[in-house]
């Protein structure tokens, strides 16, 4: 898939939102969101193209374009002296399974002169369906190179929680479905607390998604979740809107 423009816009376009430290309110990470600008179908959101793309090798071509833009953002955020630990970019499981995945990623980092630790690859719960151990081994090998990994939509209705034991990710992003339980009653709060404790016990730092108000954030912090994303933390914006 070549880098092209559609109506003067990039065919593949990344937007970014801040993930904040709950205790300080400071920006800590940047999470990317991809949209496709197409000549025939208009603007496509991830829910419209991810599943279709991952059936074929098209998803790995798309990943390389997304990776280039994420690396570009890392360099620009650094030049503007923004303080952040890493920027995320979505990685399809199909790419993780490629034999030369580690070499490919290292080549990108060397070419554009960025530390591997400035990239965090987000993985969908599709990862949890892998049962032959290869994905887990590749993930661990890339972590050893300094890259970070975050599993998204953790705790959603269709997410098999126990499978997290097989995949050594650095972070899990709690589904907005989980956050909606906060404050319902003592039992619901206990369920949220248990999910956070479980992730922490697995060595994965929890990040809450879909946080809308300070009450939710304070409760999450009391339960041991240090980071949040969502309306309270800020919406997705183009890279050039940060650090002006």
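The values are calculated or read from the model by the stated rules, or taken from the named source; none is laboratory data. The shown structure was predicted, so the numbers you read here are calculated from the model rather than taken from an experiment. Neighbour counts run over all protein chains shown; Cβ positions are idealised from the backbone, glycine included.
Worth a mention:
- Qualifying residue in the range 175-191 (condition: surrounded by 23 or more Cβ atoms within 10 Å (Cβ to Cβ) and either within 28 Å of residue 117 (Cα to Cα) or under 14 Å from the mean Cα position of the chain (by Cα) (or both)): no
- Residues within the range 192-210 that are surrounded by fewer than 16 Cβ atoms within 10 Å (Cβ to Cβ) and more than 23 Å from residue 120 (Cα to Cα), tallied: 1
- Filtered residues of the range 212-244 (kept if exposed (fewer than 14 other Cβ atoms within 10 Å of the Cβ), within 15 Å of residue 182 (Cα to Cα) and in contact with a strand residue (DSSP E or B) (Cβ under 8 Å, 6 or more places away or on another chain)): 224
- Verdict on residue 172 being under 28 Å from residue 34 (Cβ atoms) and either at pLDDT 95 or above or outside any helix (DSSP H, G or I) (or both): yes
- Those residues of the range 212-230 which are touching a residue at least 60 places away in the same chain (Cβ under 8 Å) and under 17 Å from the mean Cα position of the chain (by Cα), in sequence order: 225, 226, 227, 228, 229
- Options 52, 18: the member that is under 30 Å from residue 215 (Cα atoms) and not in a loop (DSSP other than H, G, I, E, B): 18
- Filter result (part of a helix (DSSP H, G or I) and loosely packed, with under 14 Cβ neighbours inside 10 Å) within the range 80-118: 103, 107, 110, 111, 112, 117
- Restricting the range 178-211 to residues that are free of Cβ contacts under 8 Å to residues at least 24 places away in the same chain and either touching a strand residue (DSSP E or B) at 6+ places or on another chain (Cβ under 9 Å) or assigned to a loop (DSSP other than H, G, I, E, B) (or both), the residue that is farthest from residue 90 (Cα to Cα) is 185.
- Picking from residues in the range 131-146 that are part of a loop (DSSP other than H, G, I, E, B) and modelled with pLDDT of 95 or more, the one that is farthest from the chain's Cα centre (by Cα) is 145.
- Within the range 33-79, tally of residues that are exposed (fewer than 14 other Cβ atoms within 10 Å of the Cβ), under 18 Å from the mean Cα position of the chain (by Cα) and closer than 17 Å to residue 16 by Cβ: 1
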